[in-house]
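Novice: Below is one structure. I have some questions about it.
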Amino acid sequence: MAVLPVLTWGDPHLKINSADVGQWTPELEQLVADMFETTLDEEGLGLAAPQVGVNLNLAVIDCSCGEDPAQQIILINPEITREEGVQYGTEGCLSIPGIREELERPQKVWIRNRTKEGAWVELEGEDLLARAFCHEIDHLRGRLFVEYFGPVKRSVLQRKYQKQLKG
Ligand SMILES: [Zn+2]
């Protein structure tokens, strides 16, 4: 397994709609293993393939931060089918290091997700997992969490982010 370089805010890979994953291959298996390793190394909760330069509808989530293999989730061509309620919490992104902001998300979401074998299953996420589902699926649609904010706040965040890159 290898830790992959994570692309950052402004990179074109983070701005486009990704393509669906086709047949599962050993290369994808390797990519997913590396993505879990990278998530752990960066102390994140999840990582989407576009963040490592692969524009496929593929993401990994591990809300246990490497503590519990049963909590490792692979999202393949995921789609949100239902949302319920509202939660408020701080969100961050491995592609925008140093920036954490309060963001409203649904309390609970249901997604339609593909398995490696090609079957469709429904997954349900609450609280942190619901937030992770939304965040990673946004990446697959070319959307970063800072894009939920208005232009004024976004440019403040951008300046803050660029300032700390230099510092
Ligand atoms: Zn992110």
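Novice: From (1) within 19 Å of the chain's Cα centre (by Cα); (2) of a type in the set (Lys, Arg); (3) surrounded by fewer than 15 Cβ atoms within 10 Å (Cβ to Cβ), pick out the condition that doesn't hold for LYS160.
Specialist: Of (1) within 19 Å of the chain's Cα centre (by Cα); (2) of a type in the set (Lys, Arg); (3) surrounded by fewer than 15 Cβ atoms within 10 Å (Cβ to Cβ), only one is false for LYS160: (1).
Novice: Further question: Report, by residue number, each residue of the range 56-72 that is under 15 Å from HIS135 (Cβ atoms) and surrounded by fewer than 20 Cβ atoms within 10 Å (Cβ to Cβ).
Specialist: Within the range 56-72, just CYS63 meets the criteria.
Novice: Taking the stated definitions as given, is SER155 among the hydroxyl-bearing types (Ser, Thr, Tyr) and in contact with a helix residue (DSSP H, G or I) (Cβ under 6 Å, 6 or more places away or on another chain)?
Specialist: no
Novice: Could you list, in sequence order, all residues of the range 104-124 that are hydroxyl-bearing (Ser, Thr, Tyr) and in contact with a helix residue (DSSP H, G or I) (Cβ under 8 Å, 6 or more places away or on another chain)?
Specialist: Across the range 104-124, there are no qualifying residues.
Novice: Further question on the same structure: Being buried (at least 16 other Cβ atoms within 10 Å of the Cβ), modelled with pLDDT of 95 or more and within 14 Å of the ligand (Cβ to nearest atom), is that true of even one residue in the range 73-85?
Specialist: Within the range 73-85 (the criterion being buried (at least 16 other Cβ atoms within 10 Å of the Cβ), modelled with pLDDT of 95 or more and within 14 Å of the ligand (Cβ to nearest atom)), the answer is yes, since at least one residue qualifies.
Novice: Do you know which residues across the range 110-146 are under 21 Å from CYS93 (Cα atoms), touching a residue at least 60 places away in the same chain (Cβ under 8 Å) and not hydrophobic (A, V, I, L, M, F, W, C)?
Specialist: HIS135, GLU136, HIS139, ARG141, GLY142
The values are calculated or read from the model by the stated rules, or taken from the named source; none is laboratory data. Note that the structure is predicted; figures quoted are calculated from it, not measured. We place every Cβ from the backbone using ideal geometry, glycine too, and count neighbours over all the protein chains shown.
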